[in-house]
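These notes are about the structure you will find just below.
Where a number appears in this text, it was derived from the coordinates with a stated rule and is not lab data. Please read all numbers here as calculations on a predicted model, not as lab measurements. Because the Cβ atoms are built from the backbone with ideal geometry, glycine has one as well, and the counts that use them run over all protein chains shown.
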Amino acid sequence: MKQAISSQGVAAIQEAADRVRANISKVIVGKEDVIDLVMVALLCEGHILIDDVPGIGKTTLAKAVAKSLGCSFKRIQFTPDLLPSDITGVNFFNQKKGEFEFRPGPIIAQIVLADEINRATPRTQSALLEAMQERQITVDGETIRLPSPFMVIATQNPIELEGTFPLPEAQVDRFMLRIKLGYPSKSEEDRILLRFERDDPFLSLEAVLSAEELLQLKHFTETVSFEDSLRGYVVNIAQATRSHPAIELGASPRAALALYKTAQAFAAVNGRGYVIPDDVKHLAPHVLAHRLVLSSQVRLRGRSSQDMVADILTSVPVPIEV
């Protein structure tokens, strides 16, 4: 049986989350709930898909996250002419040495920003599959391990169709969380104008959490208590997505595991050593909605995958005693 998380472990995670939240909030105004989701993904070493309209701050958020961590960072600007070797790297013949050498691609970093990922062709998008799931790449038959921690933060604009290629279900399923920033409120937009009136606060951001600290906190997160009845609640939610008449493709076991792990991390970020049903309900739309494939009739009626998750959360009984 796993050892329960200590009060010191919970305090360490909450204190680290406060540091990261405060640092990113110097650039991103009024999105503390989104930043908490980013912290959850970091603690689970999961990947994030930021899916929202242009100009909201998707790339800025991703860069602020990377700069807040003492981790190596690379950015890949996805375009239609990007090749898989541009991501993974390539073996080339060094004429001076008379032998082949490996030139590493930008995927070999701890934090990788895949900007506008849906602008690359499916062949190039698939170059990320092995890296995201197995934390390794294969080039000319040779396997190369990626550094730890390893995280892909991808952005895409859902309203742009021309020159874009929808992500295949296999790749979407590898993103632990999909988040949306949304438009700022009136007061938040006013604060944005004042904050960026003269200097760009992003330039003064410094790392507030090291890679070693992050890995230690990840270990603490894995010991957050998860009662049997609540684990059954997660299983029932995942099973319900597969039997819902409006859903053609339900949540995978990988999705259920992601919901389990993110609930542990969310509880720790909020200062608890145990998971409650509200943790699962809060995270389910971010973990499950992007993985569901709805029937064509349901889509024509204007219903979304978020609506389906809301229906399922309403229909699946919540455990009374946890």
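Below 8 Å between Cα atoms, with a sequence gap of 6+, how large is the relative contact order for the chain in percent? The value is 24 percent. A protection proxy built from the mean count of other Cβ atoms within 10 Å ranks the segments 40-47, 296-303, most packed first, as 40-47, 296-303. Normalising by residue count, the range 224-322 has a Cα convex hull of 83 Å³ per residue.
Beta-bridge orientation, the chain: approximately 40 percent antiparallel, per DSSP, counting only bridges with both partners inside. Charge dipole (Cα centre; +1 on Lys/Arg Cβ, -1 on Asp/Glu Cβ; no other charges) of the chain amounts to roughly 140 debye.
Placing unit charges on each Cβ (+1 for Lys and Arg, -1 for Asp and Glu) gives the chain a dipole about its Cα centre, and among Leu61, Pro245, Val287 the Cα reaching farthest toward its positive end belongs to Pro245.
A full extension of the chain between Leu129 and Arg303 corresponds to an added length of 59.7 nm, given 0.36 nm per residue minus the alpha carbon distance. For the range 224-322, the Cβ-based charge dipole about the Cα centre amounts to some 380 debye (Lys, Arg positive; Asp, Glu negative; other atoms uncharged). If you model the range 188-233 as an ellipsoid using its alpha carbon gyration tensor, with each semi-axis the square root of five times an eigenvalue, the axes come out at 39, 20, 5 Å, biggest first.
Descending by average beta-carbon neighbour count within 10 Å, the peptides 52-59, 111-118 line up as 111-118, 52-59, the highest first. Residues of the range 51-68 with an amide N closer than 17 Å to a point placed 7 Å from the Cα of Glu189 along the Cα-to-Cβ direction: 53-58.
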